[in-house]
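J.: I have a structure I would like to understand better, so I am pasting it below and will then ask my questions one at a time.
Any read-out appearing in this document is the output of simple, stated calculations on the displayed coordinates, not a laboratory observation. Small disclaimer: the values here were computed from a predicted structure and weren't measured. Reconstructed Cβ throughout: ideal geometry from the backbone, glycine too, with neighbour counts over all protein chains shown.
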Amino acid sequence: MQYRVYDRRKLAYIDGGYVVDYNIDDDYIVNNNSSISIVKETNAVEGDIIVLIKNSGPFHKGVITSVDNADLTISYKSDKQLFNDNMPNIKSADFAADSELTVAGKLGLKEVAEILKIVFSQKDPAEQDDNYDEYKALPLDIITNGDVYDDAGEHKILWTWSDNSINVVDWLVELFEKYAVVLSWTIDFDINTERLAERTPKYIVTISSITDSGGIIKDKVDMQTITYTKEKTPESTVCMVIDSETKEFLDQYYLYISNGKYFISKDKNLPYSEAVPQMRVLPVKTAIVEFNGESGDDTDGDEEITTADAAYDELIPSQFNQAIEVELNTDSKMFDFENTQFGEQYKIVNQYGTIDSIYTGKKMKTGDKFATLYFGLGRQNYTDIIQIQFRKQRYSTLYNQKKKGKKRYG
């Protein structure tokens, strides 16, 4: 196996060589380092792009986080690391104007793409302002695939981030956890342009709402074992919405599950049938949220925030809130190691029945015939769990700072 290193901003070739061994820890939820051991010293530096080449095509890639020429090792993190910087909160003025504000708007994947373009894209000299930093700007072409809508056909991503500074990697992970939005990128080296000096390579960044089904993974199959499964109980199952000023009751919503998918309803006794196997999620655990019914439309578009939005944001857990680890032979045809994308859905068949989950990470090392695949948003490893909790505590929406657990929307 070989590796190649490219300059972060210009994507020009910097260095390359042979890989002695590799240790890949590619987890979309837990932002760990992967590493390689190399034969000789390298000119690579932190921030450069590294691509591992196996046979004729790329095997793995990422952004270098450290280089140790004494130990001949390079550490790197995967795609999201390209955007590992803090950005100002685009809605900070809205939160500053209303100390009680919880949700400052709705957005779709195109708006997510526009935010990344504003923060990281290169700009023509005429468009540059005092905040423009050429050392941060990247040659980007950002495309979107699909979008995220609620049952009413409106954009589902609520802007609840109230901090003045938001780490983009943390933001991307939360979009993945709450809305199944995935970011990935490839490199277009512009090889169709014959003259090397005239080529303009760029990153092709894709922001996707992935709903594709990747396949089925079964337990007790030769050379494959499902090692861990855990289902997390939703924190709240009933949401009472009250007026933020008068404290009067407005609405109440109940959490249901049907065929592994959660939804909310004002009806506390929806009927169950074989055709519609819907059930209330129990036990009853009530959350009380405040809603400003007089605030009007707090969004930049035509989609007004409603009491149902508040209840949905409060009650709906991810349907993929389990932790599943699968130890699988790297030669297995049950999983496409080269082409499977984070967020693709799989059916995990084991002693617990059939569990719908999403692919979220993998670990593999040189010489190992087995890889560990991660499905779901939970984790078994204590260190990983602590890292997830630390990230979530570092950024809090304003309603988590409200007293007595009351939360306010609108």
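J.: Once you have the Cα-Cα distance between Glu248 and Met87, take 0.36 nm times their residue separation minus that, and quote the gain in nm to one decimal.
T.: Result for the pair: 54.2 nm of gain on full extension.
J.: Going down the table (Lys54/Lys110; Lys54/Lys369; Lys80/Lys123; Lys117/Lys363; Lys10/Lys178), which pairs top 27 Å between alpha carbons? Let's see the in-between values first.
T.: Working: Lys54/Lys110 34 Å; Lys54/Lys369 16 Å; Lys80/Lys123 22 Å; Lys117/Lys363 31 Å; Lys10/Lys178 34 Å.
Exceeds cut-off: Lys54/Lys110; Lys117/Lys363; Lys10/Lys178.
J.: Leu196 to Lys40: extension gain in nm, 0.36 nm per residue of separation minus the Cα-Cα distance? Let's see the in-between values first.
T.: Numbers: separation 156, 0.36 × 156 = 56.16 nm, distance 2.73 nm.
Contour length minus the Cα-Cα distance gives 53.4 nm.
J.: Can you give me the distance in nm between label points at Ala126 and Glu274, each placed 7 Å from the Cα along the Cα-to-Cβ direction?
T.: Calculated label separation equals 6.9 nm.
J.: Mind ordering 167-173, 281-287, 367-373 by average Cβ neighbours within 10 Å, highest first?
T.: The densest-packed peptide leads the list: 167-173, 367-373, 281-287.
J.: What is the distance, in nm, between label points placed 7 Å from the Cα along the Cα-to-Cβ direction at Lys10 and at Ile118?
T.: 3.1
J.: Can you pull out the chymotrypsin sites (Phe, Trp or Tyr not before Pro) in the stretch 105-148 whose DSSP state is coil and whose Cβ has at most 14 other Cβ atoms within 10 Å?
T.: Values: sites: Phe120, Tyr132, Tyr135; in loops: Tyr132, Tyr135.
For chymotrypsin sites (Phe, Trp or Tyr not before Pro) across the stretch 105-148 that sit outside H, G, I, E and B with at most 14 neighbouring Cβ atoms in 10 Å, the list reads Tyr132, Tyr135.
J.: For the stretch 155-210, state which GluC sites (Glu not before Pro) are in a DSSP loop and have at most 16 other beta carbons lying within 10 Å of their beta carbon.
T.: Answer in residue order: Glu194.
J.: Continuing with this model, one more query. For the peptides 16-27, 182-193, what is the packing order when you average, over each peptide's residues, the other Cβ atoms within 10 Å and list the highest mean first?
T.: Sorting 16-27, 182-193 by mean packing, highest first, produces 16-27, 182-193.
J.: Okay, moving on. Restrict the search to the stretch 98-142; then list the GluC sites (Glu not before Pro) that DSSP places in a loop and that have at most 15 other Cβ atoms within 10 Å of their Cβ.
T.: Details: sites: Glu100, Glu111, Glu114, Glu127, Glu134; in loops: Glu100, Glu134.
Those that pass, being in a loop and sparsely packed, are Glu134.
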